[in-house]
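To start, the structure under review is shown below, and the notes come after it.
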Amino acid sequence: MVKANYVPKRLVRVEEEAFKIIWDDGHESVYPAQHLRFQCPCAACKDEWTGESKLDFKTLPQDLQLKDARLVGNYAVNYLFSDGHSTGIYSFETLRKICPCCIKTVP
């Protein structure tokens, strides 16, 4: 169960392939670039009605990198990917829900 008010204590770059979030409850989430890109919540990447990804995971670049991560207010993170994509705003709640170790189906 994911509580609605998790807050990251630290965002840590793991080379260029991933970012790690250390949460206020001590949980550590490592998000590979491809995982974050596939889970992008922006309107170009997610169907607004179904919430399903419009992306085909197999078509994402194998060498996809995370170029930057920026906090958006006190509620989200915006990532810049090496493919130029940067429109997704990942709320802390969304990031916790898509933690690779917490979801059952990670592409």
Run through segment 13-107 and list the trypsin sites (Lys or Arg not before Pro) located in a DSSP loop whose Cβ has at most 10 other Cβ atoms within 10 Å. Lys104
Short version: ³J(HN,Hα) in whole Hz for each residue of segment 16-21, in order, from phi by Karplus 6.51 cos²θ - 1.76 cosθ + 1.60 (θ = phi - 60°), x for Gly and Pro, what are they? 9, 9, 7, 10, 10, 10
In terms of the alpha carbon gyration tensor, root eigenvalues a ≥ b ≥ c, rounded if a/c is under 1.5 and otherwise prolate when a/b exceeds b/c or oblate, segment 1-63 is oblate
Count, lysine Cα pairs under 28 Å in the chain, 8 or more residues apart or across chains: 29
Indicate the gyration tensor shape class of segment 66-107 (rounded, prolate or oblate), computed on the Cα atoms with a ≥ b ≥ c the square roots of the eigenvalues: a/c under 1.5 is rounded; otherwise a/b larger than b/c is prolate and the rest oblate. oblate
The answer for chymotrypsin sites (Phe, Trp or Tyr not before Pro) in segment 8-50 that fall in a DSSP coil and have at most 11 neighbouring Cβ atoms within 10 Å is Trp49
Considering every pair of different Cα atoms, what Kirkwood radius, in Å, is found for the chain? 14.0
In segment 1-90, what GluC sites (Glu not before Pro) fall in a loop by DSSP, with at most 11 other Cβ atoms inside 10 Å? Glu15, Glu48, Glu52
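No lab work stands behind these numbers, since they all come straight from the coordinates. The shown structure was predicted, so the numbers you read here are calculated from the model rather than taken from an experiment. Cβ atoms come from the backbone with ideal geometry, glycine included; neighbour counts cover every protein chain shown.
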